[in-house]
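What follows is a single structure, written as structure tokens, with notes after it.
Taken together, the values in this text are just the output of simple stated rules run on the coordinates, not laboratory data. Fair warning: this is a prediction, and the values are worked out from it, not measured in the lab. All Cβ positions, even for glycine, are placed from backbone atoms using ideal geometry, and neighbour counts span all protein chains on display.
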Amino acid sequence: MSLTESTMLELGTEAPDFALPDVTTGKTVRRDDFRNKKALLVMFICTHCPYVKHIEKTLGKLGRDYADQPIAIAAVSSNDVTTHPADSPEGLKAQAKTNGFTFPYLYDESQAVAHAYKAACTPDFFLFDADFHLVYRGQYDSSRPGNGVPVTGVDLRKAIDTLLAGKPVSPDQRPSIGCNIKWRE
């Protein structure tokens, strides 16, 4: 298991556009589908990474907890399925069902979206305001597989709650840590 930190994309960066298939519905989901929200959370995750497995049940809870709030959430998987077949659309769909994901789970087969977001690891989180400007990129919380810290999502939840309250999100942010995205060679 390789340890990779997020790139900490510059705050204020505009959310790159995307149009990707949702593995749970088959529909194409676009960034601009979320224009009427106060926030957009884009999460790069996958099925096989132990760092994602460590938090995946709470990701489902995160989606349910914010379902009635003016935030859109989308998960994206960009891993190369030739080297990591568990991350195929069928595997992603099963993960979404098992963990109660209520948000779209998008498949980035070309890896163009991961490159556009400068995503580096799974999980990697990007929170944007209503104008699609980046206000948070960082860790879910301080829990890691085996470190004994409870999984709460406190860092990400604090950023979401602050943004939804109309307040500025603190720029003091710690990078997410996880497995590297499995790029095509």
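Count of the range 9-23 residues, restricted to those that are surrounded by fewer than 18 Cβ atoms within 10 Å (Cβ to Cβ) and assigned to a loop (DSSP other than H, G, I, E, B), is 7. Contact annotation: residue pairs with Cβ atoms under 7 Å, 6 or more positions apart or on different chains, pairing a residue in the range 43-63 that is under 18 Å from Glu109 (Cβ atoms) with a partner that is buried (at least 23 other Cβ atoms within 10 Å of the Cβ) and among the acidic types (Asp, Glu), are Phe44/Asp124; Cys46/Asp87; Thr47/Asp87; His48/Asp87. Within the range 126-168, the set of residues being crowded, with 20+ Cβ neighbours inside 10 Å and of a type in the set (Val, Ile, Thr) comprises Val135, Ile160. Of all the numbered requirements in (1) part of a loop (DSSP other than H, G, I, E, B); (2) without any contact (Cβ under 8 Å) to a residue 60 or more places away in the chain, Asp161 misses one, and that requirement is (1).
Hey, among Asn36, Asn79, which residue is assigned to a loop (DSSP other than H, G, I, E, B) and either out of contact with any helix residue (DSSP H, G or I) (no Cβ under 6 Å at 6 or more places or on another chain) or closer than 15 Å to Leu134 by Cα (or both)?
On the way: Asn79 fails: either out of contact with any helix residue (DSSP H, G or I) (no Cβ under 6 Å at 6 or more places or on another chain) or closer than 15 Å to Leu134 by Cα (or both).
So the residue among Asn36, Asn79 that is assigned to a loop (DSSP other than H, G, I, E, B) and either out of contact with any helix residue (DSSP H, G or I) (no Cβ under 6 Å at 6 or more places or on another chain) or closer than 15 Å to Leu134 by Cα (or both) is Asn36.
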